[in-house]
1. May I ask you to evaluate 6.51 cos²θ - 1.76 cosθ + 1.60, the Karplus curve with θ = phi - 60°, for each residue of region 65-70 and list the ³J(HN,Hα) values in order in whole Hz, giving x for glycine and proline?
2. Which of rounded, prolate, oblate describes region 44-119, given a ≥ b ≥ c as roots of the alpha-carbon gyration tensor eigenvalues and a/c under 1.5 marking rounded, otherwise prolate only if a/b is larger than b/c?
3. For R77 and D108, calculate 0.36 nm times their separation in residues minus their Cα-Cα distance, and state this gained length in nm to one decimal.
Amino acid sequence: MRFNSTLRFLIETRTATSALLMTVALPFVLSGCREAAKADRKSNVELNQLGSVYYNFCNLNNQGPAGPDDLTKMEKRFTVPAGVTVIWGVDVTQTPNSDQVVLAYEADVPQKGGYVLFANNRVDKVTSEEFAKLKIAKPKKK
């Protein structure tokens, strides 16, 4: 009899402890997940915006932008996202296999992986190993 009551006590205590732990810890875990998801969305959106402005510049000027100032002149409120490496001088309207050519990427993608903008304005999340195999856009020589 004593064994059953001890066992029941352990089960009830463990269940209560687990429930308490879940109640206290779960909001912190979920908020961390939400923050990571929010950062992912922000990177994705920023690279998509960069791709759109870059493409519009190429379409209107028949050449790639020389630098961020070219894009800002065209789209006044646009700024190149911080921490993004951009290949300038590429006319994306004339880039063959644009879905396979990297136009911009988060600065730490080569080491840690992250978001990449392709010349066709597609944004994908890649690992550092996948990034190493991708073709990087080459600026047109003047």
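1. x, 6, x, x, 4, 4
2. oblate
3. Extending this stretch completely gives an extra 8.6 nm.
Only the coordinates and a few stated rules stand behind these numbers; no lab work does. On a predicted model such as this, the values are computed, not experimentally measured, just so you know.
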